[in-house]
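Shown next, in structure tokens, is the structure this report addresses.
The values are calculated or read from the model by the stated rules, or taken from the named source; none is laboratory data. This is a predicted model, so every value here is computed, not measured. Neighbour counts run over all protein chains shown; Cβ positions are idealised from the backbone, glycine included. Note: accessible area is taken over every heavy atom of the protein model, side chains too, but ligands, DNA and RNA are not part of it. Shrake-Rupley method; radii C 1.70, N 1.55, O 1.52, S 1.80 Å.
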Amino acid sequence: MYCVRKVTDDLYWVGGNDHRLALFENIHPIPRGVSYNAYLLLDEKTVLFDTVDWSIGRQFIENVETLLAGRPLDYLVVNHMEPDHGASIEEIILRYPEVKIISTEKAFLFMRQFGFTVDGHIEQVAEGDTRCFGKHTVTFIAAPMVHWPEAMVTFDTTNGVLFSADAFGSFGALDGKLFNDEVNFDRDWIDDARRYYTNIVGKYGPHVQSLLKKAGGILDQIKMICPLHGPVWRSGLGYFLDKYDKWSRYEPEEQGVMIAYASMYGNTEAAAALLASKLCERGMTNVVMYDVSSTHVSQLISETFRLSHVVLASVTYNLGIYPPMHSYLMDMKALNLQKRTFAIIENGSWACRSGALMREFVEGMRDMEVLDEKVSLASAMNENNAPDMDTLVDGILESMRKPQ
Ligand SMILES: Cc1cc2nc3c(=O)[nH]c(=O)nc-3n(C[C@H](O)[C@H](O)[C@H](O)COP(=O)(O)O)c2cc1C
Ligand SMILES: [Fe+2]
Ligand SMILES: [Fe+2]
């Protein structure tokens with residue numbers, strides 16, 4: 001059975017949801033599922049904007065066929081060729097042999113690399129080109145590295161719809177609710193949207209900034225944002241644009257402390273808990289604690305993008321940083337995270353090295369500050385090192401008072 005939603009008079013969502021996939025990109029857990037969005041415009045010409053992952057291919061084809069109701073498909077616009085969207089391109093070509101594919105030079109290269117037979121269907125476009133489909137005229141805007149090099153976004157100048165590819169997307173299945181005003185985004189979606197952005201596109205902040213600048217030039221004309229994952233935005237666009245602006249400039253959203261701890265027998269964890277209590281006692285209640293051994297690194301990364309301060313509390317492990325903590329730090333570096341203030345709690349029973357190693361790691365990243373105050377534990381906290389924890393709290397609170 002087909003399952004579509006009307007977006008505007010003549011534009012339809014023809015995507016679907018995947019609740020079975022455990023790991024997006026085979027790496028990021030998606031307990032709330034994911035949607036693959038595609039959109040069909042029924043103008044004088046019929047135009048499909050992107051396709052979907054193979055997992056929901058049957059639903060997608062049924063949606064498209066039903067809405068076309070016997071009409072041919074004239075155009076397929078491919079904004080992004082990654083297989084979570086491009087996988088069904090060949091199926092579309094087979095079913096609609098007259099279809100013309102509108103996309104970038106690089107996207108056509110990728111289609112061939114993935115083994116699709118696109119010859120005879122190619123209509124290559126570049127930034128600034130336009131196409132008229134009848135009532136609707138669209139223009140294409142290059143969006144390299146958001147999230148692959150071939151990506152573009154398409155703007156419908158007639159009705160102000162921006163087909164934004166992976167930009168402004170989110171993990172999470174839609175389950176009927178297509179529009180941002182049909183969900184409580186700030187309560188139910190923002191964490192998944194942040195985890196999606198920071199882990200998938202987070203490395204490419206400057207590229208997102210350049211796309212936001214281009215969007216800024218037509219901001220008053222953008223009425224709706226149709227991403228390839230998650231809700232369609234038709235109100236309060238400024239809320240999400242502001243989040244994207246902050247994330248892509250690596251600015252924290254909030255003043256607050258994330259305590260990421262690595263502990264085998266619980267003593268480092270106890271120190272982390274004491275720090276959290278002391279911060280709250282002093283009025284800084286925006287504190288979260290994560291065990292790096294049991295929290296997926298995508299969640300750690302997302303929270304690190306959200307908050308201004310990060311406390312790394314780790315045991316020493318074979319003269320090194322505890323492996324899950326090390327993996328978190330490596331991810332942070334790979335994603336080019338910047339502009340955070342760090343504090344360190346180290347632990348070791350015979351040759352404590354984790355503090356110096358974590359400091360060195362973080363100082364090797366761009367625009368990161370590590371506070372001088374630190375807590376060094378020999379197996380556990382005791383009355384000797386207890387005053388250091390108060391000094392650490394002072395240091396964190398003091399650095400929050402400094403203008404950012
Ligand atoms: C496999 C393994 C390797 C360790 N390597 C070191 C080490 O190189 N240097 C050190 O001081 N302690 C080392 N330790 C000891 C722990 O870091 C230590 O017991 C820790 O201080 C206890 O903190 P926790 O209760 O938070 O786990 C090691 C422990 C294990 C299990
Ligand atoms: Fe992508
Ligand atoms: Fe995607």
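Averaging the sequence gap over all C-alpha pairs within less than 8 Å and six or more residues apart, then dividing by the number of residues, gives the stretch 288-404 a relative contact order of 23 percent. Once you keep just the Cα pairs under 8 angstrom separated by 6 or more residues, what percentage relative contact order results for the stretch 3-146? Taking the mean separation of contacting Cα pairs over the length of the stretch 3-146, I get 18 percent. Against the chain, whose longest principal axis is taken from its Cα atoms, helix 323-334 shows a tilt of about 50°. Remark: spin-label model distance residue 114-residue 380 equals 5.6 nm, labels positioned 7 Å along the Cα→Cβ axis. Once you order the gyration tensor axes a ≥ b ≥ c over the Cα atoms, which shape class does the stretch 185-252 get: rounded for a/c under 1.5, otherwise prolate or oblate by comparing a/b with b/c? Cα axes put the stretch 185-252 in the oblate bin. Across the stretch 241-280, the residues whose backbone nitrogen lies under 19 Å from the label position 7 Å along the beta-carbon direction of residue 291 are 258-277. Taking the square roots of 5 times each eigenvalue of the Cα gyration tensor of the stretch 98-158, largest first, gives ellipsoid semi-axes of 21, 16, 7 Å.
Amide H contacts of residue 136: 44, each under 5 Å away and 5 or more positions distant or on a separate chain (H built 1.01 Å from N in the peptide plane; Pro and chain starts excluded).
Solvent exposure of the stretch 302-404 amounts to 45 Å² per residue of accessible area, where only protein heavy atoms count and the probe is 1.4 Å. In the chain, taking the dipole from charged Cβ atoms about the Cα centre, the farthest positive-side position among 34, 248, 52 is held by 248.
Once the chain from residue 130 to residue 336 is taken as fully extended at 0.36 nm per residue, the excess over their C-alpha distance is 70.7 nm. In order along the stretch 208-222, phi translates into HN-Hα couplings of 5, 4, 6, 5, 5, 5, 5, 5, x, x, 10, 3, 5, 8, 6 Hz, rounded to whole numbers, per the Karplus curve 6.51 cos²θ - 1.76 cosθ + 1.60 with θ = phi - 60° and x for Gly and Pro. Take the cross-link list 203/243; 278/333; 243/402; 135/246; 223/246 and give me the ones stretching past 27 Å between alpha-carbons. Going by Cα-Cα distance, 278/333; 135/246 fall outside the 27 Å limit.
Under the definition of Cα pairs under 8 Å and six or more residues apart, what whole-number percent is the relative contact order of the chain?
11
Inter-part distance, the stretch 112-165 to the stretch 258-300, computed on C-alpha centroids, equals 45 Å. When the chain is treated as a Gaussian network with alpha carbon springs shorter than 10 Å, the biggest mean-square fluctuation among 378, 173, 260 belongs to 378.
Projecting the Cα atoms of 128, 257, 381 onto the charge dipole of the chain (Cβ charges, centred on the Cα centre) puts 128 farthest toward the positive pole. Taking 0.36 nm per residue of sequence separation and removing the Cα-Cα distance, the residue 54/residue 249 pair yields an extension gain of 66.8 nm.
Note on the stretch 1-69: Cα Rg divided by 2.2 N^0.38 Å, N the number of residues, gives 1.19.
Model label sites at residue 356 and residue 62, defined 7 Å from Cα along the beta-carbon direction, differ in position by 6.4 nm. Using the Cβ-Cβ distance between residue 9 and residue 363 with R0 = 60 Å, the FRET efficiency computed as 1/(1 + (r/R0)^6) comes to roughly 0.60.
Determine the share of the chain's accessible area contributed by carbon and sulfur atoms, expressed in whole percent, with a 1.4 angstrom probe. Before the final figure, lay out the partial values.
Values: 8430 of 16560 Å².
Answer for the chain: carbon and sulfur cover 51 percent of the accessible area.
Using a probe of 1.4 Å, the accessible surface attributed to residue 381 totals some 50 Å² when neighbouring protein chains are kept in position.
Using the Cα gyration tensor of the stretch 307-404, with a ≥ b ≥ c the square roots of its eigenvalues, what is the shape: rounded (a/c below 1.5), prolate (a/b larger than b/c) or oblate (neither)? Oblate, since a/c reaches 1.5 and b/c is not below a/b.
Taking the C-alpha atoms only, the angle from helix 237-248 to the longest principal axis of the chain is near 50 degrees. Rounded to the nearest 20, the Cβ-based charge dipole of the chain about its Cα centre (Lys and Arg +1, Asp and Glu -1) stands at 200 debye. Taking Cα atoms only, the orientation of helix 297-306 departs from the longest principal axis of the chain by about 80 degrees. Here the sum of -39500 (n - 2.57) over DSSP H runs of 4 or more residues, divided by the residues of the chain, equals -9500 deg cm²/dmol at 222 nm, to the nearest 500. Shape analysis of the chain yields a ratio of the Cα radius of gyration to the Kirkwood radius, Rg/Rh, of 1.06. Shape class for the stretch 354-404: oblate, because the ratio a/c of the largest to smallest gyration tensor axis (alpha-carbon atoms, square roots of eigenvalues) is 1.5 or more and b/c is at least a/b.
Extending 7 Å from Cα along the Cβ direction at residue 187 and again at residue 23 yields two label points whose distance is 3.4 nm.
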